[in-house]
Amino acid sequence: MSQPFKILLYYKYVPLANPEAIKNWQKELCQKLNLKGRLLISDEGINGTLAGLEAAVDQYMLETQKQPEFTDMEWKISWADEQVFPKLKVVVRDEIVTLGIKKTGTDVDIDNKAHYIEPAELKKLYESGEDFVIIDARNLYEAEIGKFKNAVIPPIDNFREFPEFVKTLENYKEKDVVTYCTGGVRCEKASAYLREQGFKNVRQLHGGIHEYGEQAGGKYFEGEMFVFDKRLHVPVNTENPTVISKCKYCAQPITRYVDCAVPSCPELFICCAACEQAHLGTCSEKCEKTLTSR
């Protein structure tokens, strides 16, 4: 019987004096332990998701926490029957998530981030009937397959478009606002940016959708959570799960993402198995013709 794979999702905003040295150390450690996934490192911190056998992942956490900057790292853990990443990628970037305003000569101050709302608190907030606004800090394609009830969804394909989206939220500046994302890393910047733009009462979901499912059972989350690995999406709501997405071709309610079969096309689309087969795994008539004309 094969061993399950342990999957880590984690981040920490912390000043790093030598990101290149951290990159080299982390890459060597991951290679030694045969871990795969993606690690982004910058002078503002670390953002990673890795997978491997349990003993190797546990060793990775122990070794990483020996670094003074990472002693209090918060790890989000899930499991899979197989390796969910094709390779290891460890890189140094300007930002561990790109908000996109550095090009204007300014940047968000992470010290302005909102206070946390814990998963159980958010669940109670829904059940209390209080008036609040919940804002998704992810991309549109992530929200299409799963989102919180009544969430405001940004029509964006990349987090760097979030500041432009915020301009449409003027009516919410005096409201109680909660932001959420997959594991929390984008909300740190999103909530800080909202506060800097004059939003008075902002909180961010601690641990993101991942921890909401783990700690609060997932009620009020509709659909499934998009993840950036081979699984593509995972269940969150164990209390009253629903399906909110529909097949692109036949509109059948389905929670199933497909990667377009044309290698040059990056499109992910929601599709049932029958329509995937009928359209040769392609996302459009154009891609289907590309495939059949070879």
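The values are calculated or read from the model by the stated rules, or taken from the named source; none is laboratory data. Quick caveat, the model's predicted, so the values are computed rather than measured. In this analysis, Cβ positions are derived from the backbone assuming ideal geometry, glycine residues included, and neighbour counts consider all displayed protein chains. For accessibility, only protein heavy atoms count, side chains too; no ligands or nucleic acids. Shrake-Rupley method; radii C 1.70, N 1.55, O 1.52, S 1.80 Å.
The set of residues in region 24-44 being open to solvent by less than 10 Å² (accessible area, probe 1.4 Å) and either at pLDDT below 95 or in contact with a Pro (Cβ under 8 Å, 6 or more places away or on another chain) (or both) consists of Ile41, Ser42. In this structure, Phe165 does satisfy being aromatic (Phe, Trp, Tyr), without any contact (Cβ under 8 Å) to a residue 24 or more places away in the chain and open to solvent by less than 30 Å² (accessible area, probe 1.4 Å).
Take Val243 and tell me if it is in a loop (DSSP other than H, G, I, E, B), among the β-branched types (Val, Ile, Thr) and either open to solvent by 20 Å² or more (accessible area, probe 1.4 Å) or in contact with an Asp or Glu (Cβ under 8 Å, 6 or more places away or on another chain) (or both). Judged against the criteria, Val243 is a match. Scoring Ala55 on the criteria (1) open to solvent by 50 Å² or more (accessible area, probe 1.4 Å); (2) in a helix (DSSP H, G or I); (3) under 21 Å from Gly207 (Cβ atoms); (4) aliphatic (A, V, I, L, M) leaves a single failure, condition (3).
When region 69-127 is filtered for residues that are aliphatic (A, V, I, L, M), more than 30 Å from Gly217 (Cα to Cα) and part of a loop (DSSP other than H, G, I, E, B), the ones remaining, listed by number, are Leu99, Ile101, Val108.
Return the residue satisfying two criteria in turn: it lies in region 251-272 and is open to solvent by 60 Å² or more (accessible area, probe 1.4 Å) and outside any loop (DSSP other than H, G, I, E, B), and of such residues it is modelled with the highest pLDDT. So that I can check it myself, show each step before the final result.
Start the filter on region 251-272 by keeping residues that are open to solvent by 60 Å² or more (accessible area, probe 1.4 Å), which leaves 252-253, 256, 259, 263-264, 266-267.
Filter again for outside any loop (DSSP other than H, G, I, E, B), leaving 253, 259.
Details: Pro253: 97, Asp259: 92.
Among residues in region 251-272 that are open to solvent by 60 Å² or more (accessible area, probe 1.4 Å) and outside any loop (DSSP other than H, G, I, E, B), the one modelled with the highest pLDDT is Pro253.
Condition (residue is open to solvent by 70 Å² or more (accessible area, probe 1.4 Å), in contact with a helix residue (DSSP H, G or I) (Cβ under 9 Å, 6 or more places away or on another chain) and not aromatic (Phe, Trp, Tyr)) applied to region 6-16: is it met by at least one residue? Break it down into steps so the answer makes sense when it comes.
Filtering region 6-16 down to residues open to solvent by 70 Å² or more (accessible area, probe 1.4 Å) leaves 15.
From the residues that got through so far, the ones that are in contact with a helix residue (DSSP H, G or I) (Cβ under 9 Å, 6 or more places away or on another chain) too are 15.
Next cut, not aromatic (Phe, Trp, Tyr) only: 15.
Yes, region 6-16 has at least one match.
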